[in-house]
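For reference, the structure discussed in these notes is given below.
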Amino acid sequence: MTLTSTDHAEAPARARRGPASKARRDIQGLRALAVALVVLSHFWPARLPGGYIGVDVFFVISGFLITSHLASRPPQRWADLAAFWGRRVRRLLPAATLVLLVSLAASVAFLPATALPRIAHETAAAAVYAENWALARSATDYFAADDLHTPVQHYWSLSVEEQFYIVWPLVIGAALWCARRFRVRFPWVETGLVAVFVASLAYSLRDTATNPAPAYFVTPTRMWELALGGLVALAAVRGFRLVPRAARAPLAWLGLTAIVAAALLYDAATPFPGIAALLPTAGAAAVIAATADDVDGSPDRLWSLRGVQLAGDVSYSIYLWHWPLIVVAPFVLGHDVYWPAKIALVVGAFLLAWVTKVAVEDPVRRSRGLARPVWRTFLVGALLMGVTVSAATAVRVHEERVAQQAQDAVAEALHADSTCFGAAAARKGSCDFVGDELLTPATFAKTDKAQVYEDGCWNSQPFTSRKTCTYGAKNPTKRIALVGNSHAGYWQPALADLAKKNGWQVTTYLASQCYTVDAVQLIGPASDGENCRKLARWQVASVANGHYDLVVIADRTWLQLKGVSKADRGDVARGLYAKTLQTWTRAGVPALVLRDVPFHQQSVPDCVAQSSTDLAACADPEKTALIRDPLFEAAEADTSGKVSTLDLTRRFCKDGTCYGVVGGVIAYFDQGHMSATFSRTLEPDIEAPLARALGE
């Protein structure tokens, strides 16, 4: 975030009162408050769940300071823009690069190998200030929801601001060009800023309601917050008296109250940014507009405290350092971080921030050798970005090479007579159930997914698509429909192999999250829940009318049903599944229902990466791992004679324990989705029941 120090904090005052003006303590106080909210929220999320609004306060500050600078010293030529961007590079990039490289090195040293490909990807994105877009993409990926946090994901807000720094001078420059070109008395700059504010706010309101996961990160939903600060700055530079002196103290207190209220009242369930972001951003704008330094009865005595001003001075580096410490510390310590360690980490973040400011930020920012000529600044900036991207790429390439070697070894094992490989170990009593060595490395298992993932066969949120994929013989003797949510998709590798072997054909009707019942499921915006229902109706009707010889279905029943209590969800879902099966059997389509596999408390590949010497450590008690399956219950109760069931729990569980590694193979690519390799080792268990259900 832009936590630029006193050079810009005094700009509007300097424009009105001349060069003797001093830095504004209120802005430093706002910086200190904002970073404190963010840090406290990240270290103690249960106690201050809305502290994330500190980022929005920073956005308003950034918009105010940068617009103040540009409006008081408007860019007249490209050299002016280059000088402006050069100052941003010298101010922000060196410290950001230092923390990125340290975070990457710490990740390689301490974090599970399974996390490194994603960390490397995000590090590269953060280095070029595109992390917000990388997170927006992964935020829509249901299958990435259980991934470990990366130590660089907080760079998303820095990315938003850097993109703002590129665009904003161009907006103001274009407005000034229009003023010179058309020679008409018209508020071109004011109109441009208001247009950006209104358009971005409207987009934010819409996208937060309809597409909330990526809306949190993308630049268009956040630009209005920076524009709000810009409008306050523009009014100040133009000489407007925004607030009468008698109202300054009350307005400043009101603004601080709005910020703190948002931090206390909001939580992770609050739709954000959208309309909710108006409260903290309006509060920040009010404090800035009040200009309450040296005003009796204002918060000036509070934010003038030396500690507050110091926190404001180093707030940028505090923000950079605090999150990597949170992510890496548990792996260094070998256990969760509690109060004493958290306090030590907060102190450590402050000390690292102070050292970074003194040793990196200030010397580079003040360097005349870099500033003139400005091309040196851009050269150094490009080198810093290049080094970071290269380091991240090297880590990613190494992990991909390890995964490829594992994939080649797995392919050989699947085609060889490996009597104890994967599920074969559970079928044969003479084998070690877990295995005496790991045959699929954790980094490989993390990406060991069914072909339907690569082929894009999912009908994902907002569930308006109608995608199918087909595998097996082109002129099949039997046609099979594979139906369900993601817990049906992981059966595709085994089914596709058996289809190819036996001359069958498999067509998928898969949803990423919704399960196959005619009911509204509570997920995201209300429209998505209704879309789930429409998607299920399409799945059911497509199979009933598709002249299939068999439908294979599996679902995880996890979303809440509208109008149904959590306690009643299982029973209600069982009845709805019975109707789904009845629709197919009445249409003459027999069904094979596969029971959902055990579910683990953490990602199995991540667990294995941390405890690879003890393969049995990644296990859970069967009574907690084996979740109720209403679909399977409905199938067991069906009396049509056209519904059969298959329960392969014994291929995962033994003696009351369900294992994440069986026969040396990591059986999952996350907590509950089966790996493609393990799915293929289940083919001998599936082939005969499948043939019987097909009447062969």
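Could you look through the stretch 451-488, keep only residues that are open to solvent by less than 40 Å² (accessible area, probe 1.4 Å), assigned to a loop (DSSP other than H, G, I, E, B) and of a type in the set (S, T, N, Q), and pick out the one that is nearest to PRO525 (Cα to Cα)?
Selected residue: SER465.
Return the residue satisfying two criteria in turn: it lies in the stretch 21-42 and is closer than 24 Å to ALA268 by Cβ and surrounded by fewer than 24 Cβ atoms within 10 Å (Cβ to Cβ), and of such residues it is nearest to the chain's Cα centre (by Cα).
Selected residue: HIS42.
Looking at the stretch 327-338, I want the residues that are closer than 17 Å to ALA106 by Cα and have a partner that is open to solvent by 90 Å² or more (accessible area, probe 1.4 Å) with Cβ atoms under 7 Å, at least 6 apart or on another chain. Which pairs are those?
VAL327/HIS149; VAL328/PHE110; PRO330/ASP336; PHE331/PHE110; VAL332/PHE110
Take the conditions open to solvent by less than 10 Å² (accessible area, probe 1.4 Å), aromatic (Phe, Trp, Tyr) and either in contact with a Gly (Cβ under 9 Å, 6 or more places away or on another chain) or touching a residue at least 24 places away in the same chain (Cβ under 8 Å) (or both) and apply them to TRP584. Does it pass?
Values: open to solvent by less than 10 Å² (accessible area, probe 1.4 Å): yes; aromatic (Phe, Trp, Tyr): yes; either in contact with a Gly (Cβ under 9 Å, 6 or more places away or on another chain) or touching a residue at least 24 places away in the same chain (Cβ under 8 Å) (or both): yes.
The answer is yes for TRP584.
Any idea which of ALA115, ALA109, ALA136, ALA105 is part of a helix (DSSP H, G or I) and closer than 29 Å to PRO363 by Cα?
Values: ALA115 fails: closer than 29 Å to PRO363 by Cα; ALA109 fails: closer than 29 Å to PRO363 by Cα; ALA136 fails: closer than 29 Å to PRO363 by Cα.
After applying the criteria, what remains is ALA105.
Please note which helices (runs of 4 or more DSSP H) are completely contained in the stretch 276-330 and include at least 2 residues that are closer than 22 Å to TRP224 by Cβ. Even if it seems obvious, please write down each step before you answer.
Numbers: elements: 278-290, 300-303, 306-313.
The helices (runs of 4 or more DSSP H) meeting that bar are 278-290.
When you scan the stretch 449-484, how many residues do you find that are farther than 20 Å from LEU694 by Cβ and either touching a Leu at 6+ places or on another chain (Cβ under 7 Å) or aromatic (Phe, Trp, Tyr) (or both)?
6
Here's a check for you: in the stretch 667-687, which residue that is over 31 Å from the mean Cα position of the chain (by Cα) and not hydroxyl-bearing (Ser, Thr, Tyr) is farthest from CYS607 (Cα to Cα)? Before the answer, list the steps.
Of all residues in the stretch 667-687, those over 31 Å from the mean Cα position of the chain (by Cα) come to 681-687.
In the following step, the residues that additionally are not hydroxyl-bearing (Ser, Thr, Tyr) were identified as 682-687.
Details: LEU682: 23, GLU683: 26, PRO684: 28, ASP685: 27, ILE686: 28, GLU687: 31 Å.
That would be GLU687.
Restrict the check to the stretch 185-193 and report whether at least one residue is hydroxyl-bearing (Ser, Thr, Tyr) and part of a loop (DSSP other than H, G, I, E, B). Please lay out each step first, then the result.
The first filter runs over the stretch 185-193 and keeps only residues hydroxyl-bearing (Ser, Thr, Tyr), leaving 191.
Filter once more, so that each one left must be part of a loop (DSSP other than H, G, I, E, B): none.
Looking through the stretch 185-193, none of the residues is hydroxyl-bearing (Ser, Thr, Tyr) and part of a loop (DSSP other than H, G, I, E, B).
Go over the candidates LEU384, LEU345, LEU352 one by one and state the one that is modelled with pLDDT of 95 or more, under 30 Å from GLY312 (Cβ atoms) and either in contact with a strand residue (DSSP E or B) (Cβ under 7 Å, 6 or more places away or on another chain) or open to solvent by 60 Å² or more (accessible area, probe 1.4 Å) (or both).
Going through LEU384, LEU345, LEU352 in turn, just one is modelled with pLDDT of 95 or more, under 30 Å from GLY312 (Cβ atoms) and either in contact with a strand residue (DSSP E or B) (Cβ under 7 Å, 6 or more places away or on another chain) or open to solvent by 60 Å² or more (accessible area, probe 1.4 Å) (or both): LEU352.
Give all pairs with beta carbons closer than 6 Å in which a residue from the stretch 175-193 that is without any contact (Cβ under 8 Å) to a residue 40 or more places away in the chain meets a residue that is among the β-branched types (Val, Ile, Thr) and not in a loop (DSSP other than H, G, I, E, B); count only pairs at least 6 apart in sequence or on separate chains.
Partner pairs satisfying both residue conditions: ALA175/VAL189; GLY192/VAL171.
So which of VAL662, VAL597, VAL604 is buried (at least 24 other Cβ atoms within 10 Å of the Cβ), under 28 Å from ASP571 (Cα atoms) and within 33 Å of the chain's Cα centre (by Cα)?
Going through VAL662, VAL597, VAL604 in turn, just one is buried (at least 24 other Cβ atoms within 10 Å of the Cβ), under 28 Å from ASP571 (Cα atoms) and within 33 Å of the chain's Cα centre (by Cα): VAL597.
Yes or no, residue by residue, for (1) under 18 Å from LEU439 (Cα atoms); (2) of a type in the set (Ser, Thr, Tyr):
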| residue | (1), (2) |
| --- | --- |
| VAL564 | no, no |
| ASP571 | no, no |
| GLY575 | no, no |
| ALA578 | no, no |
| GLN582 | no, no |
| PHE599 | no, no |
| VAL608 | yes, no |
| THR613 | yes, yes |
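Only one of (1) open to solvent by 10 Å² or more (accessible area, probe 1.4 Å); (2) under 27 Å from ILE343 (Cβ atoms); (3) at pLDDT 95 or above is not met by PRO45, so which one is it?
Among (1) open to solvent by 10 Å² or more (accessible area, probe 1.4 Å); (2) under 27 Å from ILE343 (Cβ atoms); (3) at pLDDT 95 or above, the lone unmet condition for PRO45 is (3).
Could you list, in sequence order, all residues of the stretch 610-659 that are over 29 Å from the mean Cα position of the chain (by Cα), buried (at least 20 other Cβ atoms within 10 Å of the Cβ) and under 25 Å from LEU111 (Cβ atoms)?
Result: LEU615, single match.
If I ask for residues that are within 21 Å of ARG91 (Cα to Cα) and surrounded by fewer than 20 Cβ atoms within 10 Å (Cβ to Cβ), which ones from the stretch 166-185 would you list?
Correct list: ILE166, VAL167, LEU170.
Please specify each residue of the stretch 186-236 satisfying the condition of being open to solvent by 40 Å² or more (accessible area, probe 1.4 Å), under 20 Å from ALA175 (Cβ atoms) and among the β-branched types (Val, Ile, Thr).
Listed by number, the residues that qualify are THR191, VAL194, VAL198.
Return only the number of the condition from (1) surrounded by fewer than 20 Cβ atoms within 10 Å (Cβ to Cβ); (2) in a helix (DSSP H, G or I) that SER565 does not satisfy.
Condition not satisfied by SER565: (2).
Which one of GLY274, GLY297, GLY239 is surrounded by fewer than 16 Cβ atoms within 10 Å (Cβ to Cβ) and modelled with pLDDT of 90 or more? It would help to see each step written out before you state the result.
Working: GLY274 fails: surrounded by fewer than 16 Cβ atoms within 10 Å (Cβ to Cβ); GLY239 fails: modelled with pLDDT of 90 or more.
Being surrounded by fewer than 16 Cβ atoms within 10 Å (Cβ to Cβ) and modelled with pLDDT of 90 or more holds for just one of GLY274, GLY297, GLY239, which is GLY297.
Sort out which residues of the stretch 508-551 are modelled with pLDDT of 95 or more, out of contact with any Phe, Trp or Tyr (no Cβ under 7 Å at 6 or more places or on another chain), of a type in the set (Ser, Thr, Tyr) and open to solvent by 10 Å² or more (accessible area, probe 1.4 Å), and write them in order of number.
Passing the criteria: TYR509, TYR548.
Exactly one of these conditions fails for VAL55: (1) at pLDDT 50 or above; (2) touching an Asp or Glu at 6+ places or on another chain (Cβ under 7 Å); (3) buried (at least 24 other Cβ atoms within 10 Å of the Cβ); (4) of a type outside the set (D, E, K, R). Give me its number.
For VAL55, the failing item is (2).
Only one of these is modelled with pLDDT under 90 and not basic (Lys, Arg): VAL189, VAL194, VAL128. Name it. Spell out the reasoning first.
On the way: VAL194 fails: modelled with pLDDT under 90; VAL128 fails: modelled with pLDDT under 90.
Within the list VAL189, VAL194, VAL128, the selection yields VAL189.
Under the condition of being open to solvent by less than 20 Å² (accessible area, probe 1.4 Å) and at pLDDT below 90, which residue from the stretch 92-114 is farthest from the chain's Cα centre (by Cα)?
Top of the filtered list is PRO112.
Conditions: (1) assigned to a helix (DSSP H, G or I); (2) over 30 Å from THR208 (Cβ atoms); (3) of a type in the set (A, V, I, L, M). VAL551 meets all but one. Number of the miss?
All conditions pass for VAL551, except number (1).
Which residue, of ASP408, ASP417, is of a type outside the set (Lys, Arg), at pLDDT below 80 and not in a helix (DSSP H, G or I)?
On the way: ASP408 fails: not in a helix (DSSP H, G or I).
Criteria check complete, one pass: ASP417.
Here is a list of conditions, (1) in a helix (DSSP H, G or I); (2) modelled with pLDDT of 95 or more; (3) among the β-branched types (Val, Ile, Thr), and THR645 meets all of them except one; can you say which number that is?
Here THR645 meets the rest and fails (1).
Of all residues in the stretch 489-507, count the ones that are in contact with a Pro (Cβ under 7 Å, 6 or more places away or on another chain) and either open to solvent by 10 Å² or more (accessible area, probe 1.4 Å) or at positive phi (or both).
2
Going by the structure shown, is ASP294 at positive phi, without any contact (Cβ under 8 Å) to a residue 40 or more places away in the chain and not aromatic (Phe, Trp, Tyr)? Full working, then the answer.
Working: at positive phi: yes; without any contact (Cβ under 8 Å) to a residue 40 or more places away in the chain: yes; not aromatic (Phe, Trp, Tyr): yes.
Taking the combined requirement at face value, the residue satisfies it.
The values are calculated or read from the model by the stated rules, or taken from the named source; none is laboratory data. All values reported here derive from a predicted model rather than from experimental measurement. Backbone-built Cβ (ideal geometry, glycine too); neighbour counts: all protein chains shown. Remember, those area values only see protein heavy atoms, side chains included, never the ligands or the DNA or RNA. Shrake-Rupley method; radii C 1.70, N 1.55, O 1.52, S 1.80 Å.
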